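Here is the structure we will look at, set down as structure tokens.
The values are calculated or read from the model by the stated rules, or taken from the named source; none is laboratory data. Everything numeric here is computed off the predicted structure, so don't read it as measured data. Glycine gets a Cβ as well: all are built from the backbone with ideal geometry, and neighbour counts include every protein chain shown. The accessibility values were calculated without ligands, DNA or RNA, using every heavy atom of the protein model including side chains. Shrake-Rupley method; radii C 1.70, N 1.55, O 1.52, S 1.80 Å.
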Amino acid sequence: MSNWRLPEYFSDVLPREAAVIEHLRRACLDTAKGYGYALVMPPLLEFVDSLLSGTGQDLDLQTFKLVDQLSGRTLGLRADMTPQAARIDSHLLNQEGVTRVCYCGSAVRTHPEGVHASREIQQFGAELYGHAGLEADLEVQCLALDCLRLAGVQQAALDLADNRIVRGVLSGMLLGPEDMVAILDALANKDAGELRLLTRDCTAAQRAAILALPELYGDADVLHEARRTLPQHALILQALDDLSALAAHHRQQGSQVQIDLADMRGYRYHSGVIFSVYARGYANAVARGGRYDEVGASFGRPRAATGFSMDLREVAGFATAPQPGSPIVAEWTTAPGLADAVADLRQRGETVVQLPSGQAHDVRTFPRQLVLRAGRWQVEDRSGSSQV
């Protein structure tokens, strides 16, 4: 095997794509700043005990692990920056009231999350701590949609769900851990046949509620059907009220809204409203988020929390490359005043490329040239000639 080949599902980012990703990174961070989110930069490596706190088995299996040569303890290469943000909120910022943070950096996973996905993502995300109300869920959803619009995703579809509904349906059922996991997997796969088999020993009411969940998918009318079909459990009713309010707001803003009450994503991690955003013609979600109030307790500070994240490398496929100004060519010499003229242009945001004296260059690549005229360095348009 050639020593320059990369591991499977890792790839270099070449200049054109890199320019798009960097443009999106800056635009998303500026947008989050406009909402009041402060930038944090957690480390790439942490002790694995901290990195996986409260995230369940799924993230554990996605995390590369190695031994720290200084402490002898196991380190984890982050697969998701969200737990790091929760740790920062709990132990470093330690503020009362609402705290907003955002982040952007590489995260690496042991397995890709799709056929065409990368194992290294450029994760942008925003987290809101300290407010359990629906206003916080709505804010992070609106921020996610705003950031996706910057990337060119204009007709996004918002999928809403709530883990409290499944918790309410399953509450009171006498199931072992293995049976519970099997039911959750069958719900996630919407496998009605397997659910009938797994619930054969449940009461008629419990079985009917579980079998109804995979069918409760569609537009907001699903919520009316859910009120009629599901148990009148306080947890379920509150979740349906919240989903109704969120769906109504997004519809008023012109967004397409779908409901999926059997969504099992992050069941061990999320604690309430969850959402995914889809782009037309693209199978995978382009952003995911939701409420995870229980994670803070694993850091010793119970804290309401909600947020979202997206992979800028994936989202970049919807964006167009920024159009930079045409570069200016200058000779690579020590002519008096040239260095100052070049520095001034670069300070003003221009791209100035210096080449060896006499080297031919195409006017299509360098339509402007820095030249000395009457003792002054000035930029001239070269569109009338082909080479110098």
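In this label model, residue 348 and residue 217 are separated by 5.8 nm, measuring between points 7 Å along each Cα→Cβ vector. For the chain, the C-alpha radius of gyration sits at 1.24 times the compact-globule guess of 2.2 N^0.38 Å, with N the residue count.
Residues within the reach of a label modelled at residue 320 (point 7 angstrom out along Cα to beta-carbon, backbone nitrogen below 13 Å), restricted to segment 137-164, are 151-153.
Using r as the Cβ-Cβ distance of residue 205 and residue 178, and R0 as 22 Å, what FRET efficiency do you calculate, to the nearest 0.05? Taking R0 as 22 Å, the efficiency between residue 205 and residue 178 is 0.40. Across segment 196-203, computed HN-Hα scalar couplings (Karplus, 6.51 cos²θ - 1.76 cosθ + 1.60, θ = phi - 60°) run 4, 5, 6, 9, 4, 9, 7, 5 Hz from first to last residue, x flagging Gly and Pro. Comparing 292, 282, 267 in a Gaussian network model of the chain, where Cα atoms under 10 Å apart are tied by springs, the biggest mean-square fluctuation is seen for 282.
Most tightly packed first, judged by the mean number of other beta-carbon atoms within 10 Å of their residues, the peptides 156-166, 354-364, 247-257, 298-308 read 156-166, 298-308, 247-257, 354-364.
Full extension of the chain between residue 340 and residue 154 yields a length gain of 62.5 nm, computed as 0.36 nm times the residue separation minus the alpha carbon distance. Using a probe of 1.4 angstrom and keeping all protein chains present, the accessible surface of segment 156-279 works out to 45 square angstrom per residue. For residue 256, the residues whose amide H sits under 5 Å from its own are 158, ignoring neighbours fewer than 5 places away on the same chain, with H placed 1.01 Å from N.
The residue 224 and residue 249 beta-carbon pair, evaluated with R₀ = 25 Å, returns a calculated FRET efficiency of approximately 0.90.
The Cα center of segment 253-283 and the Cα center of segment 17-74 differ in position by 22 Å. Derived scalar couplings between HN and Hα for segment 4-13 equal 9, 6, 9, x, 4, 6, 10, 8, 6, 10 Hz in order, rounded to whole Hz, by the Karplus curve 6.51 cos²θ - 1.76 cosθ + 1.60 (θ = phi - 60°), x for Gly and Pro.
For segment 328-381, the convex hull drawn through the C-alpha positions has a volume of 76 cubic angstrom per residue.
Scanning residues 5 or more positions from residue 75 or on other chains, those with amide H under 5 Å from its amide H are 48, 66, 67, 68, with H placed 1.01 Å from N in the peptide plane.
Modelled this way, with points 7 Å down the Cα-to-C-beta line, the labels at residue 4 and residue 171 are 6.1 nm from one another. Sorting the segments 132-143, 28-39 by their mean number of nearby beta carbons within 10 angstrom, highest to lowest, gives 132-143, 28-39. Using just its DSSP H runs of length 4 or more, each adding -39500 (n - 2.57), the chain gives a mean residue ellipticity at 222 nm of -10000 deg cm²/dmol after division by all residues.
For segment 156-279, the carbon plus sulfur part of the accessible surface works out to 50%, probe radius 1.4 Å.
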